[in-house]
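K.L.:
Starting off with a structure, shown below.
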Amino acid sequence: MPPMALLLSQAFSGFAFGTLLALMSSGLTIIFGTLGFVNFAHGAMFMLGAYAAFVVLTWSHSYIAALAAGAAVLLIVSVVLERGLLRFFYARPPEDQLLVTFGLSVMLIEGIRYFFGSDSQRVSQPNWGDGIVNFGGLFYYPLYRVEVIGIAAAFLLALYLLLYHTSVGLMVRAGIEDRLMVGLLGIDVRKMFLLVFAVGAMAAGIAGVIFAPLSAVIPDMGTPFLIQAFVVVVIGGLGSFGGAIVGGILVGELLSLTTAFNPDYSQVSIYLAMTLVLVLRPRGLFGAVGRI
């Protein structure tokens with residue numbers, strides 16, 4: 001049995017990682033929920049955000065500028081990709097969507113590898129992230145990792161307000177429930193689809209910026225995050241924003257706490273949880289009927 005201090009530290013670490021995973025997964029789930037589109041390039045978009053942070057923090061040391069750059073880069077990339085290619089695949093079979101987004105992922109990864117090389121890059125954390133937090137003598141935790149929770153939560157709150165307290169969000173949620181009816185009501189579905197894809201991609205990019213100071217930045221870093229994000233979406237329910245948050249925290253805790261007992265089974269635990277949810281509730285914890 002691991003010591004209590006280690007368990008508490010791992011539980012907190014799982015919560016921090018879970019909020020970050022929830023931010024990335026929220027973008028993935030609203031894209032799938034609204035467009036019915038499986039985006040295998042979502043992990044590469046996470047990676048682009050991390051490299052935007054690397055470039056901006058290297059030159060300006062401004063964390064706010066890095067967040068803005070990550071959002072801006074993904075906004076431009078998502079608009080170009082959606083208008084130039086992906087919109088032609090909305091009505092195509094899922095296997096075509098998988099192939100085209102997988103191909104885009106490879107192209108984005110190799111493009112970054114061409115410009116930055118395959119070596120890992122270190123991203124410095126902001127000065128206000130230096131230090132250690134003492135949780136009442138129970139355990140100690142790096143300050144920036146504590147702040148990650150607040151930063152990711154702030155962006156999740158902003159996304160929640162956009163989806164649930166604006167007319168744009170109302171259209172997006174209506175599109176998740178019934179895309180045909182949205183079109184019949186006279187709403188420009190093309191613009192709505194572009195907006196949804198851009199917001200989802202920007203969520204992935206911002207998650208990449210936040211994560212960059214926590215680990216080495218490499219071209220393939222988005223792949224494990226993509227896999228875990230799909231697990232989160234399946235557990236939480238396709239198209240469910242709340243499900244992405246709950247699923248992200250659940251997956252983060254499973255990965256972290258299982259590592260405290262036996263690291264070899266940390267990945268296995270999340271797939272077991274996903275299997276259990278699919279058996280007991282095939283649409284996910286918060287998936288609505290008809291959202292398949």
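K.L.:
Look at the stretch 111-137 and say how many of its residues are surrounded by 11 or more Cβ atoms within 10 Å (Cβ to Cβ) and touching a residue at least 40 places away in the same chain (Cβ under 8 Å).
P.N.:
12
So that you can scan it fast, the table gives a plain yes or no per residue for (1) crowded, with 16+ Cβ neighbours inside 10 Å; (2) within 17 Å of Ala11 (Cβ to Cβ):
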| site | (1), (2) |
| --- | --- |
| Phe230 | yes, no |
| Phe241 | yes, no |
| Glu253 | yes, yes |
| Thr259 | yes, yes |
| Leu272 | no, no |
| Thr275 | no, no |
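K.L.:
I would also like to ask the following. When the residues of the stretch 31-75 are filtered to those that are over 20 Å from Phe102 (Cβ atoms) and outside any helix (DSSP H, G or I), which remaining residue is nearest to the chain's Cα centre (by Cα)?
P.N.:
Ser62
K.L.:
Can you find, within the stretch 205-228, the residue that is surrounded by the fewest Cβ atoms within 10 Å (Cβ to Cβ) among those that are closer than 17 Å to Val106 by Cα and of a type in the set (A, V, I, L, M)?
P.N.:
So, considering only residues that are closer than 17 Å to Val106 by Cα and of a type in the set (A, V, I, L, M), the one surrounded by the fewest Cβ atoms within 10 Å (Cβ to Cβ) is Ile227.
K.L.:
Quick check, is Leu28 in contact (Cβ under 8 Å) with a residue 24 or more places away in the chain, closer than 28 Å to Thr259 by Cβ and part of a helix (DSSP H, G or I)? Step through it out loud before you land on a result.
P.N.:
Details: in contact (Cβ under 8 Å) with a residue 24 or more places away in the chain: yes; closer than 28 Å to Thr259 by Cβ: yes; part of a helix (DSSP H, G or I): yes.
So Leu28 passes the test.
K.L.:
Which numbered condition trips up Leu99, out of (1) surrounded by 14 or more Cβ atoms within 10 Å (Cβ to Cβ); (2) in contact with a helix residue (DSSP H, G or I) (Cβ under 8 Å, 6 or more places away or on another chain)?
P.N.:
All conditions pass for Leu99, except number (2).
K.L.:
If only one of Val246, Val277, Val251 is touching a helix residue (DSSP H, G or I) at 6+ places or on another chain (Cβ under 6 Å), under 23 Å from Val172 (Cβ atoms) and touching a residue at least 24 places away in the same chain (Cβ under 8 Å), which one is it? Show your work before the answer.
P.N.:
Values: Val277 fails: under 23 Å from Val172 (Cβ atoms); Val251 fails: under 23 Å from Val172 (Cβ atoms).
Val246 is the lone residue from the list that is touching a helix residue (DSSP H, G or I) at 6+ places or on another chain (Cβ under 6 Å), under 23 Å from Val172 (Cβ atoms) and touching a residue at least 24 places away in the same chain (Cβ under 8 Å).
K.L.:
Could I ask something else about it? Read through the list (1) modelled with pLDDT under 90; (2) touching a Leu at 6+ places or on another chain (Cβ under 9 Å); (3) among the β-branched types (Val, Ile, Thr), then give the number of the only condition that Ile187 fails.
P.N.:
Failed condition: (2).
K.L.:
Being farther than 10 Å from Leu21 by Cβ and among the small types (Gly, Ala, Ser) is the filter here, so list the residues in the stretch 232-249 that pass it. Give the steps one after another, and end with the answer.
P.N.:
Within the stretch 232-249, the first condition is being farther than 10 Å from Leu21 by Cβ, and the residues that meet it are 233-243, 246.
Those that are farther than 10 Å from Leu21 by Cβ and among the small types (Gly, Ala, Ser): Gly236, Gly237, Gly239, Ser240, Gly242, Gly243.
The values are calculated or read from the model by the stated rules, or taken from the named source; none is laboratory data. Just so it is clear, the model here is predicted, and its values are computed rather than measured. Ideal geometry is used to build each Cβ from the backbone, glycine not excepted, and the neighbour counts take in all protein chains shown.
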